[in-house]
Amino acid sequence: RLHRDSNLLACALETFDIHVLDIDTRQIARRFTSGHHAAITDLTFSHDGRWLLSASLDSTTRVWDLPTGHCIDYFTFSSPVTSLDFSPAGDLLATTHVEDLGIYLWCNKSLFQHLHFSSVAKNAKPRTLTLPMDLTLSTEEDTSKGDVEVKAEEVDDFVSPDQLNEDLITLANLPTSRWLNLLNLDVIKAKNKPKAAPKKPKAAPFFLPTVPGLEQQFLIEPEKKDTEDRFITDFSDLTEFGKALGQAESEEDYKAMYKSFLEKGPSAVDIEVRALAPEGGGSLSLMEQFLKLLDNELKRKR
């Protein structure tokens, strides 16, 4: 029997001994002798490769601990074991026996309670495990059962209430994509907020005017652009420098503005100039005011 995860190969010899080989190093890792007194029928490893189980025609089964090399369990059945194997999870052991067509499942106690494993003495007697009883019905019960018609009881479908208890929390069956972003709802609303108020579209005339002539052409009037005011009246989006510049009229105002402008650093000057443009929240008239400020200082040769 080969355990692929640990690359260990268990072999049963004619002398009723067991050798465990390491197929990587090609050396014998363990030798188990004087364990059985008849031919060995089957070998199996546990799911983690720690234990090796051996069954023999002398009706005994031994559990060998590979790290220590000792026998930690020794039991016998009423009928010899012909084959045995562990479940992938290691919680069940399946066995078959001589002159028995059934498969018996045995529970692994080490997974459900704390056990202390110790080496079994050489002169120790095995524990006897009885096979489960045959639960088949007798012939009389079979015939009587065939005459009786069993009516299945009608069971109403269980409907779960909306709320089991006021102190409990009822979870919705919505997919994760529907509620995962609720924690970031404020951030999503801020990103989706429109930058400008929606504008009402211009009403189109029912009949489009045409140009008189032989060819049919529609009269398209050029759009009228609203002239901007010379001075800024809304200073809500401007900086302190921009607000003061929009209200500057006299030469003294320009001097005070220029003095405060020189006190700023290079990065602050760059931000103030960008904020005066229409793209930064300013206007063309505000840029004109700034040019007047520079022109006034150049004339003063400052």
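The numbers here are math on the coordinates, done by the rules we state, and not lab data. Keep in mind that this is a model prediction, so the values were computed, not measured. Here the Cβ is made from the backbone with ideal geometry for all residues, glycine too, and neighbour counts use every protein chain on show.
Numbers for the structure displayed
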| read-out | value |
| --- | --- |
| DSSP-assigned coil residues among chymotrypsin sites (Phe, Trp or Tyr not before Pro) in region 1-81, each with at most 12 further Cβ atoms within 10 Å | none |
| Pairs beyond 22 Å (Cα-Cα), from LYS243/LYS292; LYS191/LYS243; LYS264/LYS292; LYS259/LYS292; LYS255/LYS292 | LYS191/LYS243 |
| Computed FRET value (nearest 0.05) for HIS37 with TYR104, which takes r as the C-beta separation and R₀ as 22 Å | 0.45 |
| Relative contact order of region 64-123, pairs being alpha-carbon contacts under 8 Å that are 6 or more residues apart, as % | 29 |
| Added length on full extension, which subtracts the Cα-Cα distance from 0.36 nm per residue, LEU115 to THR128 | 2.8 nm |
| Inter-label distance, nm, simple model (7 Å from Cα along the C-beta direction), ILE169/ALA268 | 4.9 |
| 14 Å beta-carbon shell around ALA268, net charge (K/R +1, D/E -1) | -2 |
